[in-house]
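Below you'll find the structure, written out as structure tokens, and then a few comments.
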Amino acid sequence: MEGSQCLPILQHKATLTKLVKDNVFLVVTGETGSGKTTQLPQYLYEAGLWKGGIIGITQPRRVAAITVAQRVSQEMHFTLGKEVGYQVRFDDCTSQATVVKYMTDGCLLREILADPGLSQYSVVILDEAHERSLNTDILLGLLKKTLLQADKGSKDGSVRLRVVVMSATLETDKLSTFLGHCPVFTIPGRTFPVTSRFGNAIGPKEVDSSRYVNEVVRVALEVHVSEVAGDILVFLTGQSEIEKACDMLYEKAESIDYRYDVQDQTVEGLLILPLYGSMPTDQQRQIFQAPPSGIRKCVVATNIAATSLTINGIKYIVDSGFVKQLNHNSRVGMDILEVVPISKSEAQQRAGRAGRTSAGKCFRIYSNEFWEKCMLDYTVPEIQRASLTSVVLTLKCLGVHDVIRFPYLDHPEERLLLEALKQLYQFDAIDRRGQVTQLGRLIMEFPLHPGLTRALLKAAAYGCEDILLPLAAMLSVENIFIRPGTAKQKEADKKQRNMAAQSGGMNDFATLLSVFQWCKASDSPSAWCKENWIHWRALKSAFSIETQLREILLRLQQVKDFPVETFAGNKSELFRRCLCTGYFTNVARRSIGKIFSTMDGHGTAVHVHPSSSLFDQEAELDWVIFHDMMVTSRVYLRTVCPIRYDWVKDLLPKLHEVDAYELSNIAREEVNEEELAKLESKEAKRQKDTAKKLEKRNDETS
Ligand code: CDP
Ligand code: MG
């Protein structure tokens, strides 16, 4: 019998299909693994709903969209990319024939921009709504806004587009109320009890990654030798930790003598498998396969295994208690990927993964005190903790100008909305009246950070997009440099230092560009990567992304009035000047010794990260721009390059000017023309003053 034949959802096939047909909105909930994601779209397909348009299913995570589409195409006996396909950023595996389409929530948001009524779709399923990803939350608001209005208008009762919101449990009443008290269908689950045990390795004070990596490895091995057969799922936070933990596990598992060391004599080996977002998909498929008899499977995963992907056969959980999360850091005024304690509800969800097929056990490496003192009850929705810049621009492009009174499931902090408007204004994506500018519309076309797009457009204006396109692609992929962490680390470091020097030195952006170009020009790019300690897979994605960005640019250059500028100067200067156009919000200046200070008004004290080619060369530096920051006990700048004050002089005042700018009126779309004129003249003066002040400071110190 095929796996899908015994899933809890099967009994409810007819009811669910009817409910979807009869309602504009429907909320479906059920334990993770009950078959919502893989089965419901198939039921709707069988019921013929695809004849009215595509059945679209959104996922907050790209890996989930890809793996699930693979699985479903297999179950339905279709070739992936034909009837069943997926679309994620920079990777479109769909065709004219596609009627069941898995996609990231970000992709659907982009589609709404081009086609607000989603006329190609018959059903949109917003999956994993409990994750409360920023894009899913915005989609909820947008669909509510358009469909509840349209519903009132249509008298014949015919429904064109249906929306199903799926969530792993929790908050279903809230969702239903939000969507006009729509029906909720709960798939009754069968779960088995899971006993949880606290450890004592992590108390309220420790958040050191090497400590919890060591501890999860120790606990996983202990489970392996002392517990009866059943697979293990370990939760860590990211790729490098996961790889490190897997290496340690391989090494330590080798010395187990299965004749004497293990309690359960049917256990004869350990199969160790990593699972994280940017992993090759063929490797991911292995995760779902049952291990050979006598072998215990141990999957070391990110949070992706908490709800998005269900692995059968898991009996033991080892929970590190941490997750990697994008948070707006008010200290430095930027979004930063941080490792933070998970919430209690998240910890329960993780534990629950052990009780799908039989009673399970969850080993928490943190203490009860950590649980009490450091873990929130619920995870804060992304909309209340991350930067809203691209969301606000999307809303504005969709004609939603009043971003304060937009129907949010949970209202974001006004501070974050204003911050987003400020940034869009600084980037000239919106004007003083809050209207999207021509540049703003161009920025919207690129699936990149607005600053990076601005730099790219500047380069295109100079006719030198060939240097910015590869860079933008390189900045869009993760982990280019391999960090073996072992005895080989020195060798890798040396290679990487050499590459930085050969690319001109003292410019991390230029190093990225050179790596791209050298690799592309080599006879065997994969061999070149291996030799130079570069992740070939990351480079391969970068090649593909570069092509896609180039296509977007070419398309825009043909239809829109593209600005053209000329430039006299050397190439390195041109490159860095283009970067300044986009990164002027990320400018820092050396104050004393190795300490820099950011120029965005926060004046944060920052250091160059040791991985940068500028590290230890600080004495030679004055002004720099950087791509991102890393916050530990110190704030570090990553991907850095030196610039000249002259290049940002005219841009910097804009960073200070906006405080007086009546952002909150713009946010509510209450712009008074007279007041605006007054403000404008006042600000013109302010801007001049600030420019003078900055200039003076620069003269004094240089
Ligand atoms: O969405 P929900 O959590 O309710 O369940 P699902 O993702 O549809 O998973 C249903 C079943 O399909 C689970 O037993 C998964 O292990 C299995 N599955 C799989 O074997 N391979 C995949 N690529 C995805 C799901
Ligand atoms: Mg699911």
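The values are calculated or read from the model by the stated rules, or taken from the named source; none is laboratory data. In this text, all values refer to a predicted model and were calculated from it rather than measured experimentally. Cβ placement follows ideal geometry from the backbone for every residue including glycine, while neighbour counts extend to all protein chains displayed.
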**Which numbered condition SER34 fails, given (1) under 19 Å from VAL184 (Cα atoms); (2) of a type in the set (Ser, Thr, Tyr); (3) away from ligand 2 (no atom under 15 Å from the Cβ)** = (3)
**Asked** Residues in the range 584-601 that are part of a strand (DSSP E or B) and more than 20 Å from THR453 (Cα to Cα): how many?
**Response** 9
**Item:** Top-ranked residue in the range 568-605 [being of a type in the set (Lys, Arg) and touching a Phe, Trp or Tyr at 6+ places or on another chain (Cβ under 8 Å); ranked as farthest from GLY463 (Cα to Cα)]
**Value:** ARG590
**Message:** Can you tell me which residue is modelled with the lowest pLDDT among those in the range 442-457 that are surrounded by 22 or more Cβ atoms within 10 Å (Cβ to Cβ) and under 17 Å from ARG577 (Cβ atoms)?
**Reply:** GLY451
**Message:** Looking at SER390, SER343, can you tell me which residue is within 23 Å of the chain's Cα centre (by Cα), farther than 23 Å from THR632 by Cα and of a type in the set (S, T, N, Q)?
**Reply:** SER390
**Fill in**
Those residues of the range 272-293 which are outside any loop (DSSP other than H, G, I, E, B), in contact with a helix residue (DSSP H, G or I) (Cβ under 9 Å, 6 or more places away or on another chain) and either away from ligand 1 (no atom under 14 Å from the Cβ) or free of Cβ contacts under 8 Å to residues at least 40 places away in the same chain (or both) amount to ILE272, LEU273, PRO274, LEU275, ILE287
**Asked** Looking only at residues in the range 43-69 that are in a strand (DSSP E or B) and β-branched (Val, Ile, Thr), which one is farthest from ligand 1 (Cβ to nearest atom)?
**Response** ILE54
**Fill in**
If we ask which residues in the range 495-520 are over 19 Å from GLU531 (Cβ atoms) and either touching a His at 6+ places or on another chain (Cβ under 9 Å) or outside any helix (DSSP H, G or I) (or both), their number turns out to be 6
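Name every residue in the range 73-103 that is of a type in the set (Val, Ile, Thr) and touching a Pro at 6+ places or on another chain (Cβ under 7 Å), in order of residue number.
Start the filter on the range 73-103 by keeping residues that are of a type in the set (Val, Ile, Thr), which leaves 79, 84, 88, 94, 98-100.
Of everything in the range 73-103, just one residue is of a type in the set (Val, Ile, Thr) and touching a Pro at 6+ places or on another chain (Cβ under 7 Å), namely VAL100.
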**Prompt:** Hey, among the residues in the range 51-72 that are of a type outside the set (Ser, Thr, Tyr), over 14 Å from the mean Cα position of the chain (by Cα) and within 13 Å of ligand 2 (Cβ to nearest atom), which one's farthest from VAL164 (Cα to Cα)?
**Reply:** ARG71
**Request:** Would you mind stating whether ILE287 is surrounded by 15 or more Cβ atoms within 10 Å (Cβ to Cβ) and either aromatic (Phe, Trp, Tyr) or within 16 Å of ligand 2 (Cβ to nearest atom) (or both)?
**Result:** yes
**Request:** Residue by residue through the range 385-416, note down the ones that are of a type in the set (D, E, K, R) and surrounded by fewer than 17 Cβ atoms within 10 Å (Cβ to Cβ).
**Result:** ASP402, ARG405, ASP410, GLU413, GLU414, ARG415
**Request:** Scan the range 262-271 residue by residue and report those that are in a loop (DSSP other than H, G, I, E, B), surrounded by fewer than 19 Cβ atoms within 10 Å (Cβ to Cβ) and in contact with a strand residue (DSSP E or B) (Cβ under 7 Å, 6 or more places away or on another chain).
**Result:** GLU268
**Message:** I'm trying to understand the selection: among the residues of the range 5-19, which are crowded, with 16+ Cβ neighbours inside 10 Å and within 16 Å of ligand 2 (Cβ to nearest atom)?
**Reply:** LEU7, PRO8, ILE9, HIS12, LEU16
**Message:** Restricting to the range 401-416, count the residues that are at pLDDT 90 or above and among the hydrophobic types (A, V, I, L, M, F, W, C).
**Reply:** 3
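Can you report the number of residues in the range 504-534 which are under 28 Å from the mean Cα position of the chain (by Cα) and closer than 26 Å to GLU573 by Cα?
Adding up the residues that qualify gives 13.
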**Fill in**
The residue from LEU10, LEU16, LEU40 that alone is part of a helix (DSSP H, G or I), in contact with a Phe, Trp or Tyr (Cβ under 7 Å, 6 or more places away or on another chain) and either under 15 Å from ILE187 (Cα atoms) or acidic (Asp, Glu) (or both) is LEU16
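Could you identify the single residue in GLU491, GLU478 that is under 25 Å from the mean Cα position of the chain (by Cα) and either part of a helix (DSSP H, G or I) or within 28 Å of ARG110 (Cβ to Cβ) (or both)? Talk me through it step by step, then tell me what you get.
Numbers: GLU491 fails: under 25 Å from the mean Cα position of the chain (by Cα).
The match here is GLU478.
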**Message:** If SER73 meets every condition in (1) in contact with a Leu (Cβ under 7 Å, 6 or more places away or on another chain); (2) hydroxyl-bearing (Ser, Thr, Tyr); (3) more than 12 Å from ligand 1 (Cβ to nearest atom) apart from one, which number is that one?
**Reply:** (3)
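Kindly evaluate PHE584 against the criterion of being modelled with pLDDT of 95 or more and aromatic (Phe, Trp, Tyr). Break it down into steps so the answer makes sense when it comes.
Numbers: modelled with pLDDT of 95 or more: no; aromatic (Phe, Trp, Tyr): yes.
Considered against the rule, which asks whether it is modelled with pLDDT of 95 or more and aromatic (Phe, Trp, Tyr), PHE584 comes out as no.
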**Request:** Scan the helices (runs of 4 or more DSSP H) fully inside the range 154-261 and keep the ones with 3 or more residues being more than 29 Å from the chain's Cα centre (by Cα) and either of a type outside the set (A, V, I, L, M) or within 16 Å of ligand 2 (Cβ to nearest atom) (or both).
**Result:** 209-226, 239-254
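Somewhere in the range 392-403, is a residue under 24 Å from ASP105 (Cβ atoms) and among the charged types (D, E, K, R)?
Here is the first cut: in the range 392-403, the residues under 24 Å from ASP105 (Cβ atoms) are 392-403.
Remaining after also requiring among the charged types (D, E, K, R): 396, 402.
Yes: one or more hits.
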